[in-house]
Amino acid sequence: MGCFPCSGDGDTSVKKPEKKIFQTSSNHKYKRVEQPQPKQDPWPNQKPLDWNIRMKIAAGAARGLEYLHDKMNPPIIYRDLKCSNILLGEEFHPKLSDFGLAKVGPSGDKTHVSTRVMGTYGYCAPDYAMTGQLTFKSDIYSFGVVLLEIITGRRAIDYTKSAAEQNLVSWARPLFKDRKKFYKMADPALDGHYPIRSLYQALAIAAMCVQEQPNMRPPIVDIVTALSYLASLKYDPEIEPPIRKSYKSQSPQKSINNEETW
């Protein structure tokens, strides 16, 4: 098991893991990205992560996956990408950790690696779960689930919710079809403090990643490019007014075409 920085700077070799802890500390230890258990705050006395930090984490995690897929030789399929395997350090710099299920990816003319299905329920790509054929696009699906968790504040699987909302991807798919409903997928903890155009773009990326057909999912390099751009757009809640649920009562055409009405 190892971990490495999810950025283009510094040493990106697999190394011994740093201690995994749940609180921020002053000695550069890392904490896991955890979705809260029902009625439980895993990080007491800490404000919810704002939009800028969430996009920074998403872009950093994507760069870590890009390193595994495109820069390692031989390339590696992570196979167990999930929020709890992303560690956060000082200034919320992410690292991927726990490579116990990682597999060397296909090479040459091979399109997949046949293996026993392993991973975490809710993150596992349906094509891999049904066939046992592991591809780089299996990781892309898992990343899409993680990105949805970052945006929505929901868990990949949450049995405390109604049957229609227990599986995050199943809940999100109908909402993906109507852009006017995208605001329903923003984490309520953000309290409307996010840029609507960036929300649309981030959700569009997530929707492409969790496509049922693996060949419809984008390559990791495209995801890195898109999320790095979103992370570079610093949202200032002091300048842009928060987006409120009163949007539901507004004219959809006016709301989408004139962002000053949000």
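Semi-axes of the stretch 80-134's equivalent ellipsoid from the Cα gyration tensor, sqrt of 5 times each eigenvalue, largest first, rounded to whole Å?
Details: eigenvalues 135, 40, 14 Å².
Working from the Cα gyration tensor, I get semi-axes of 26, 14, 8 Å.
Karplus couplings for the stretch 214-229 from phi (6.51 cos²θ - 1.76 cosθ + 1.60, θ = phi - 60°), rounded to Hz, Gly and Pro as x?
Each residue of the stretch 214-229 in turn: x, 6, 8, 7, x, x, 5, 5, 5, 5, 4, 4, 5, 6, 5, 5 Hz.
Given points 7 Å out from each Cα along the Cα-Cβ axis, report the Ala204 to Thr225 separation in nanometres with one decimal.
Placing both labels 7 Å along Cα→Cβ, they lie 1.4 nm apart.
Report the full-extension gain for the segment Val104 to Ile53: residue separation times 0.36 nm, less the Cα-Cα distance, to one decimal in nm.
Answer, rounded to one decimal: 15.2 nm.
Is there a pair in Lys47/Lys234; Lys82/Lys161; Lys95/Lys181; Lys161/Lys184; Lys161/Lys181 whose C-alpha atoms are over 23 Å apart, and which pairs would that be?
Beyond 23 Å: Lys95/Lys181.
Tell me, in nm to one decimal, what length is gained between Arg179 and Leu233 on full extension, where the rule is 0.36 nm per residue of separation less the Cα-Cα distance? Numbers along the way, then the final one.
Working: separation 54, 0.36 × 54 = 19.44 nm, distance 2.09 nm.
That works out to 17.3 nm of additional length.
Rule-based calculations on the coordinates, nothing more; no lab input. Please read all numbers here as calculations on a predicted model, not as lab measurements. Because the Cβ atoms are built from the backbone with ideal geometry, glycine has one as well, and the counts that use them run over all protein chains shown.
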